[in-house]
Amino acid sequence: MKQFKRIKGTQDILPPESRQWAALENLIHEIMERYNFHEIRTPVFEQTELFARGIGQLTDIVSKEMYSFQDRGKKQITLKPEMTAPVMRAFIENKMYAQQPIHKLYYIASLFRQEKPQAGRLRQFHQFGAETIGSADPAADIEMIDLAVAIYKKTGLKDLQLSINSVGDPLCRNRFRKILQDYIRPNLNLYCEDCKKRFETNPMRILDCKNESCIKLNEQAPKLTDYLCDGCAEHYKQLKSGLDNLGIAYRENPYLVRGLDYYTRTVFEITSGALGAQNAVCGGGRYDLLAEELGGMPTPATGFAAGMERLLLVLQSQQIDMAETTGLDVFIIGMENDARPIIDKTLLKLRNAGYRCDQDLLKRSIKAQMREANRQAARYVLIIGENELNSGKFAVKDMSNGIQTEIKFEDIENFLEQQKLI
Ligand code: HAM
């Protein structure tokens, strides 16, 4: 019979690794709450046009990487490649602006991009992220970076680098575009094919090209931060002094552009030296014009998103275990069919009381069940055989010291309570 394989670029997250995921997700929920961000969940697919308009038709994501298809009703649908456009769509559609002037939202989501799979780059991947919608204040950008850093700190991660830049607004960008094109034009034939294409459509993306020869050609390129309008320059200045105030170290990278077209003013990325080519663990910035682009009222906004697979890879490389693996509190070994009602009731009672308990479901020998209790690192083993059924008492073995006692069936919860396991 044919056996099935998962789709290229996807992953099965199996135990015990799934415990790391759960621990990371708990930590994200906890820190997001502390910063007063509230969770938003959006559908896994959206109209293709949302991303084409939101992220930009000419970006790699939209032009090369989206999982798009026509559904049976002939509608163009796309599996979401990112969360910012869906969050803004939800904000506008649900008239969230009418409830309060500012919304602080966060998410943990599964996303899809048809990229070439490699370490840290998948076709289905996961991000956590946050968006503050409604504030134009640099304080919102600073809070966003602080939040991302706080989550990384809480995981125990070390050696991350924060890069920041300002990509200005359309006015400064238009002015800068000509200056940049004048710089590139004499050498245009030496740039890579992608950059040649970007020269007319989006020359700023040329600055962000990862091709070695393009990086060299860009070494003396003009910097947009030298051509910002007064408003954008002031915003950038306040961003930097806010980060200084919080003691958050950063590097200014005047060529940081980011691969999505919606950004205005602040952009930032966090990278890790522990990763190879795919070293960006987090990216974000301000996107003050996206709401209008998607048919809403002008609404300033800022946010970030962070790759969870990449974060877990770095944690692994730094030998950080997020999920303490503790064994079971109780394993019940039963040898008689007549013991079934007592086993079931005891398990129910102890589980309700909060103990982690398990039993044998394979009708194995007592020796094999004992081995299983050991494998599960159970602290106490309750044994119920013929003698115990007759006496109404469990044989209770403390696996930490091998000492065995007898405890009446109805007293087992009291006994465990005295041991203060939980
Ligand atoms: P992005 O830079 O496209 O930004 O993605 C953010 C992060 O998601 C990356 O830094 C990386 O860690 C992770 N990531 C992206 N693609 C993959 C992949 N194929 N496999 C594994 N991890 C990946 C955004 O998505 C924006 N929506 C961020 C944002 C939010 N800007 C404002 N608000």
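A few points about this structure:
- Summed residue charge, Cβ within 14 Å of PHE37's Cβ, Lys/Arg positive, Asp/Glu negative: -3
- Student exercise, the chain dipole from Lys, Arg, Asp, Glu Cβ charges, in Debye to nearest 20: 1280 debye
- Per residue, the convex hull spanned by the alpha carbons of the chain comes to 216 Å³.
- All other residues whose Cβ lies under 11 angstrom from that of GLN318 are scored, Lys and Arg at +1 and Asp and Glu at -1, for a net of -1.
- Crossing angle, helix 340-352 versus the chain [Cα axis fit, 0-90 degrees, rounded to tens]: 40 degrees
- Among PHE128, PHE409, PHE45, residue whose mean-square fluctuation peaks in a GNM of the chain (springs only between Cα atoms under 10 Å): PHE409
- Per atom type, the chain shows carbon and sulfur on 49% of its accessible surface, probed at 1.4 Å.
- GNM flexibility winner over the chain from MET204, MET32, MET370 (Cα, springs under 10 Å): MET370
- Within a Gaussian network of the chain (alpha carbon springs, distance under 10 Å), most fluctuating of GLN161, GLN404, GLN127: GLN404
- Dipole magnitude of the stretch 93-155, debye to nearest 20 (Cβ charges: Lys/Arg +1, Asp/Glu -1, about Cα centre): 420 debye
- 3J(HN,Hα) couplings calculated from phi for the stretch 250-266 with the Karplus curve 6.51 cos²θ - 1.76 cosθ + 1.60 (θ = phi - 60°) are, in sequence order, 8, 10, 7, 10, x, 9, 6, 10, 6, x, 10, 7, 7, 6, 9, 6, 4 Hz; Gly and Pro show x.
- 3J(HN,Hα) from dihedral phi, the stretch 97-103, Karplus parametrisation 6.51/-1.76/1.60, rounded to Hz, x for glycine, proline: 4, 7, 7, 6, x, 9, 10
- Kirkwood hydrodynamic radius over Cα pairs of the stretch 1-85, then Stokes diffusion coefficient at 37 °C and 0.692 mPa s, in µm²/s: 204 µm²/s
- Sequence-distant lysines (8 or more away, or on other chains) whose Cα lies within less than 21 Å of LYS345: LYS363, LYS393, LYS397, LYS408
- Here each label is just a point 7 Å from Cα along the line to Cβ, and for ILE320 and ARG6 those points are 2.3 nm apart.
- Remark: the Cα gyration tensor places the stretch 74-140 in the oblate category, a/c being 1.5 or greater and a/b not exceeding b/c.
- Computed over neighbours whose Cβ is under 14 Å from that of PRO101, the net charge equals +1, Lys and Arg +1, Asp and Glu -1.
- Every helix of 4 or more DSSP H residues in the chain counts as -39500 (n - 2.57), and over all residues that averages to -11000 deg cm²/dmol at 222 nm.
- Each of ARG173, ARG286 has its accessible area taken with a 1.4 Å probe; listed largest first, they run ARG173, ARG286.
- Convex hull volume per residue, computed on the Cα atoms of the stretch 330-418, equals 90 Å³.
- Couplings 3J(HN,Hα) of the stretch 85-96, computed from phi: 5, x, 5, 5, 4, 5, 4, 6, 4, 8, 6, 5 Hz, in residue order, whole Hz [Karplus 6.51 cos²θ - 1.76 cosθ + 1.60, θ = phi - 60°; x for Gly and Pro].
- Take the chain with all the other protein chains still there, run a 1.4 Å probe, and you get 53 Å² of accessible area per residue.
- Amide H partners (placed H, <5 Å) of MET66, local residues excluded: GLN114
- Gyration tensor (alpha-carbon) shape descriptor, the stretch 176-251, a/c threshold 1.5: prolate
- Cβ-Cβ FRET estimate between GLN76 and LYS240, R0 fixed at 35 Å, reported to 0.05: 0.25
- The angle separating the long axis of helix 366-375 from the principal Cα axis of greatest extent in the chain is about 30 degrees.
- Rounded to the nearest 10 degrees, the inclination of helix 230-246 to the longest alpha-carbon principal axis of the chain is 30 degrees.
The values are calculated or read from the model by the stated rules, or taken from the named source; none is laboratory data. Predicted model, so just to flag it, every value in this text is computed and none were measured. Positions of Cβ are backbone-derived with ideal geometry, glycine not excepted, and every protein chain shown enters the neighbour counts. Surface accessibility is based on the protein's heavy atoms, side chains included, excluding ligands, DNA and RNA. Shrake-Rupley method; radii C 1.70, N 1.55, O 1.52, S 1.80 Å.
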